[in-house]
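Undergrad: Submitted below is the structure of interest, expressed as structure tokens.
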Amino acid sequence: MGQVYFTPLSLQDNPEKIKKAIAILFQCTGFLDKIQPQDLIAIKIHFGEEGNQGYIRPQYAAVVAQAIQTKHGKPFFTDTNTLYAGRRSNAVDHLVLAYEHGFTPEVLGSPVIIADGLLGNAEVKVKIAGHHFKEVPIARELAFCNGIVSMNHFKGHLVTHFGGALKNLGMGGSSRAGKLLQHSSLKPRVKEKRCVGCRACLPWCSTQSISIGSDKNKAFINPETCIGCGQCLSICQHNAIAFNWNESSEILQEKMVEHALGVVKGKEAKTTHLTFLTHITAECDCLAKNEPPVMQDIGIIASNDPVAIDQAALDLANQKESGAFGKATGKSHLPVNQLSYAASLGMGSMEYTLKTVQVQV
Ligand code: SF4
Ligand code: SF4
């Protein structure tokens with residue numbers, strides 16, 4: 001049975017109370033006692049999409065880094081590049097956007113590193129015993145670090161019903177190839193109307209699968225040789241590469257969980273999770289627009305068990321909205337099999353005890 005610690009609060013509360021709550025909840029997990037001097041600790045967080053307000057603010061994230069430093073660990077903040085085009089699809093734009101959102105070394109007291117490199121292809125293939133995969137491509141710096149603190153924001157999600165701890169690691173901790181494996185079983189195709197025949201994508205295709213037709217001056221992808229790496233997707237500045245986002249929700253959730261399994265492999269005992277049930281939105285934080293919250297803030301929870309913490313987050317959100325988180329977010333039609341699947345792989349327990357930790361300032 002998982003142990004989950006909970007502090008009820010709102011983002012409208014005194015910031016000092018919120019910082020104190022984070023420090024106490026983090027301490028409750030016992031993670032600090034596991035840190036060895038010089039340990040490289042990844043704090044996996046979302047730096048925020050342009051225009052979206054769902055991300056955890058840097059001054060709150062900094063509390064975790066400061067605590068790690070008291071144990072002489074070496075924290076760094078990290079996330080991976082996106083599969084889709086945008087300001088987080090390569091490490092340079094991603095870092096600039098992170099800095100714009102205040103995730104600077106000055107505010108954080110620790111460096112910011114993009115875990116899967118300049119173009120999302122810095123990865124380590126990690127062997128797992130999954131139903132879909134026997135190995136998964138994990139962002140390199142998450143594979144090589146000594147421990148992980150996953151700081152995630154709970155919200156609804158277009159395909160996975162909700163996003164929490166498992167999604168932060170599974171989708172957010174995999175390289176571009178890993179994201180592709182999760183999202184699409186099919187190959188990319190060129191949207192002819194958008195392609196201007198600029199040839200920018202050609203040198204980036206490691207399998208020489210892209211050619212330009214002499215008749216129409218449009219790119220064409222050979223599905224026989226394409227390995228679905230996603231490089232062309234991030235290179236094309238004309239949004240002319242499309243994927244078939246047609247995996248069923250259940251299969252995508254299972255694949256996502258298998259990638260989370262790969263991320264924590266070898267450091268299961270040195271991984272912990274903090275989930276912010278604040279500014280809860282219908283859609284994920286990757287949408288480049290400000291979304292209004294669909295319910296009142298609930299608080300922050302912490303646990304070493306990624307399954308228990310996601311189950312607790314879902315339960316707290318359902319209690320807040322009288323059993324209607326799915327209704328509030330418009331996600332009632334989507335299954336929630338990520339938790340039972342993760343439990344079946346031994347990642348944690350759907351059973352948990354919730355201990356409320358009150359914080360005063
Ligand atoms: S797919 Fe994009 S990058 Fe490739 S030729 Fe067409 S417009 Fe240029
Ligand atoms: S996904 Fe990768 S292999 Fe396939 S066409 Fe694009 S760059 Fe080439």
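Undergrad: Given ALA129, ALA115, ALA122, ALA139, which one is of a type in the set (A, V, I, L, M) and over 26 Å from VAL64 (Cβ atoms)? Spell out how you get there, then give the answer.
TA: On the way: ALA115 fails: over 26 Å from VAL64 (Cβ atoms); ALA122 fails: over 26 Å from VAL64 (Cβ atoms); ALA139 fails: over 26 Å from VAL64 (Cβ atoms).
Exactly one residue qualifies, and that residue is ALA129.
Undergrad: Can you work out which of the residues in the stretch 165-179 that are crowded, with 24+ Cβ neighbours inside 10 Å and farther than 19 Å from LYS267 by Cα is farthest from ligand 1 (Cβ to nearest atom)?
TA: GLY178
Undergrad: A follow-up question, please. Please verify whether GLU291 is among the acidic types (Asp, Glu), loosely packed, with under 15 Cβ neighbours inside 10 Å and either at pLDDT 95 or above or more than 15 Å from ligand 1 (Cβ to nearest atom) (or both), treating the condition exactly as stated. Can you show your working first?
TA: On the way: among the acidic types (Asp, Glu): yes; loosely packed, with under 15 Cβ neighbours inside 10 Å: no; either at pLDDT 95 or above or more than 15 Å from ligand 1 (Cβ to nearest atom) (or both): yes.
When the stated conditions are applied, GLU291 does not pass them.
Undergrad: Tally time: how many residues in the stretch 200-225 are assigned to a loop (DSSP other than H, G, I, E, B), without any contact (Cβ under 8 Å) to a residue 24 or more places away in the chain and either in the same structural domain as HIS132 (by TED's automatic domain parsing) or within 10 Å of ligand 2 (Cβ to nearest atom) (or both)?
TA: Going through the stretch 200-225 one residue at a time, the tally reaches 5.
Undergrad: Here's another thing I want to ask about it. Output the residue which, of all residues in the stretch 160-199 that are at pLDDT below 90 and of a type in the set (A, V, I, L, M), is nearest to ligand 2 (Cβ to nearest atom).
TA: The residue in question is LEU180.
Undergrad: Still on this model: Go through the stretch 294-361 and tell me which helices (runs of 4 or more DSSP H), entirely inside it, have 3 or more residues that are aliphatic (A, V, I, L, M). Give the derivation first.
TA: Numbers: elements: 306-320, 325-329, 338-344.
In the stretch 294-361, 306-320, 338-344 are the helices (runs of 4 or more DSSP H) which contain 3 or more residues that are aliphatic (A, V, I, L, M).
Undergrad: Output the residue which, of all residues in the stretch 11-67 that are under 16 Å from the mean Cα position of the chain (by Cα) and of a type in the set (Lys, Arg), is nearest to SER89 (Cα to Cα).
TA: LYS44
Undergrad: If we keep just the residues of the stretch 69-100 that are β-branched (Val, Ile, Thr) and out of contact with any helix residue (DSSP H, G or I) (no Cβ under 7 Å at 6 or more places or on another chain), which is surrounded by the fewest Cβ atoms within 10 Å (Cβ to Cβ)? Write out each step before concluding.
TA: Going through the stretch 69-100, the residues β-branched (Val, Ile, Thr) turn out to be 70, 78, 80, 82, 92, 96.
Okay, now just the ones that are also out of contact with any helix residue (DSSP H, G or I) (no Cβ under 7 Å at 6 or more places or on another chain), so 70, 80, 82, 92, 96.
Numbers: THR70: 9, THR80: 30, THR82: 22, VAL92: 11, VAL96: 11.
By that ranking, first place goes to THR70.
Undergrad: Let me ask something additional. Going through the stretch 133-159 one residue at a time, which ones are modelled with pLDDT of 95 or more and either in a loop (DSSP other than H, G, I, E, B) or under 10 Å from the mean Cα position of the chain (by Cα) (or both)?
TA: Taking the stretch 133-159 as the starting set, the residues that turn out to be modelled with pLDDT of 95 or more are 133-155.
Listed by number, the residues that qualify are PHE133, LYS134, CYS145, ASN146, SER150, MET151, ASN152, HIS153, PHE154.
The values are calculated or read from the model by the stated rules, or taken from the named source; none is laboratory data. Being a predicted model, the structure only gives us computed values, none of them experimental. Counting neighbours? That spans all protein chains shown, and the Cβs are built from the backbone with ideal geometry, glycine included.
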